[in-house]
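To start, the structure itself, in structure tokens.
The values are calculated or read from the model by the stated rules, or taken from the named source; none is laboratory data. Predicted model only: the values in this text are computed from it and were never measured. Ideal geometry is used to build each Cβ from the backbone, glycine not excepted, and the neighbour counts take in all protein chains shown.
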Amino acid sequence: MLDEVGLVAGISWYVEGFRERSNIEVDLQIADTLGRLPPDLELTVFRVVRECLTNIHRHSHSHRTTISLNEFSGRVILEVKDEGSSISPEALSKIASLGLPGVGLRGMQERVSGFGGELNISSDKKGTVIKVILPLPSPHRTS
């Protein structure tokens, strides 16, 4: 599907279905300037968004989340924020020192690392933020 419609349409379609299935409000903010990216990068971003939303639905008990996707200085920046249960400081410490637990978080880290990117997790009483920064190959546009 991503090959045909692209990342922006693919994420928009997925988020709409997620809203209906979960009753979680999603504020989707995608930069108007974000065009097509290399297919493997689009697939990675899509899968990270999907895993973040799955984790929010299963674990955070949030009724609202915000997804922002931008391109800035040769990088794609994805940020997914929820307003639910935070990850405890102890769990964040374990994540930082021992690596990411669970198949989902580990899979996201592996996908992002495969592109030379970064995945950061922060959490406090206001919720959890997953931030992904992926470098764009040059030239990166496919259309």
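Which of the residues spanning the stretch 85-125 are surrounded by 12 or more Cβ atoms within 10 Å (Cβ to Cβ), among the basic types (Lys, Arg) and at pLDDT 75 or above?
ARG106, ARG111
List every residue pair whose Cβ atoms lie under 6 Å apart, where the two residues are 6 or more positions apart in sequence or sit on different chains, the first residue falls within the stretch 44-56 and is in contact (Cβ under 8 Å) with a residue 40 or more places away in the chain, and the second residue, located anywhere, is in a helix (DSSP H, G or I) and surrounded by 24 or more Cβ atoms within 10 Å (Cβ to Cβ).
As it stands, the answer is VAL48/MET108; GLU51/MET108, since those pairs meet every condition given.
Would you point out which residue out of GLU51, GLU4 is surrounded by 17 or more Cβ atoms within 10 Å (Cβ to Cβ) and either within 16 Å of VAL132 (Cα to Cα) or not hydroxyl-bearing (Ser, Thr, Tyr) (or both)?
Just a single option satisfies the conditions, and that option is GLU51.
Yes/no matrix, rows are residues, columns are (1) more than 18 Å from LEU7 (Cβ to Cβ); (2) more than 12 Å from the chain's Cα centre (by Cα); (3) not in a strand (DSSP E or B):
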{"position": "VAL26", "(1), (2), (3)": "no, yes, no"}
{"position": "LEU34", "(1), (2), (3)": "no, yes, yes"}
{"position": "GLU51", "(1), (2), (3)": "no, no, yes"}
{"position": "LYS81", "(1), (2), (3)": "yes, no, no"}
{"position": "SER85", "(1), (2), (3)": "yes, yes, yes"}
{"position": "SER93", "(1), (2), (3)": "yes, yes, yes"}
{"position": "LEU105", "(1), (2), (3)": "yes, no, yes"}
{"position": "ASN120", "(1), (2), (3)": "yes, no, no"}
{"position": "ILE130", "(1), (2), (3)": "no, no, no"}
